[in-house]
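Heads up, the thing below is written out as structure tokens.
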Amino acid sequence: MTDQPERKLTPTERLHDLAMAAITKPAGTTRGAETTELAQVHMGPQQGRWYCKSLGTVAQDGEDIMQLWSRTLDAARQIQRDVASLNADDKLAADLAATLEKAKEAKS
């Protein structure tokens, strides 16, 4: 056995080690992996209305399929309520703007 100190890694070698650790790290099942995509209709009679385009959930550690289903369903129901409220607020704002415009035209 030699008593020579271990050689220090170069910056490039350290970067390589970090990159390999990040690449080989197992995918986490954190809540951050869950996704929701909200979008607006761009054409047709529903133009301007919001809708939930996708909802992706990930099973947490120790969570069985029925617990995941229940949590996903709760999230979907909450999103549905929030989107309905958002669309109602937009409709009220549009109706108010139209009423004010009509009142302005009537005064002219």
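The values are calculated or read from the model by the stated rules, or taken from the named source; none is laboratory data. Nothing here was measured: the structure is a model prediction, and the numbers come from that model. Every residue, glycine as well, gets a Cβ built from its backbone with ideal geometry; the counts of neighbours run over all protein chains shown. Just the protein is used for accessible areas: all its heavy atoms, side chains included, with ligands, DNA and RNA removed. Shrake-Rupley method; radii C 1.70, N 1.55, O 1.52, S 1.80 Å.
Values computed for the structure shown
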| item | result |
| --- | --- |
| Residue tally, condition over 27 Å from the mean Cα position of the chain (by Cα), open to solvent by less than 90 Å² (accessible area, probe 1.4 Å) and modelled with pLDDT under 85, over region 5-50 | 2 |
| Residue 71 vs. criteria in a helix (DSSP H, G or I), on the phi < 0 side of the Ramachandran plot and open to solvent by 50 Å² or more (accessible area, probe 1.4 Å) | no |
| Filter result (open to solvent by 90 Å² or more (accessible area, probe 1.4 Å) and under 27 Å from residue 94 (Cβ atoms)) within region 51-68 | 53 |
| Conditions (1) of a type in the set (Asp, Glu); (2) open to solvent by less than 60 Å² (accessible area, probe 1.4 Å); (3) touching a Phe, Trp or Tyr at 6+ places or on another chain (Cβ under 9 Å): number failed by residue 90 | (2) |
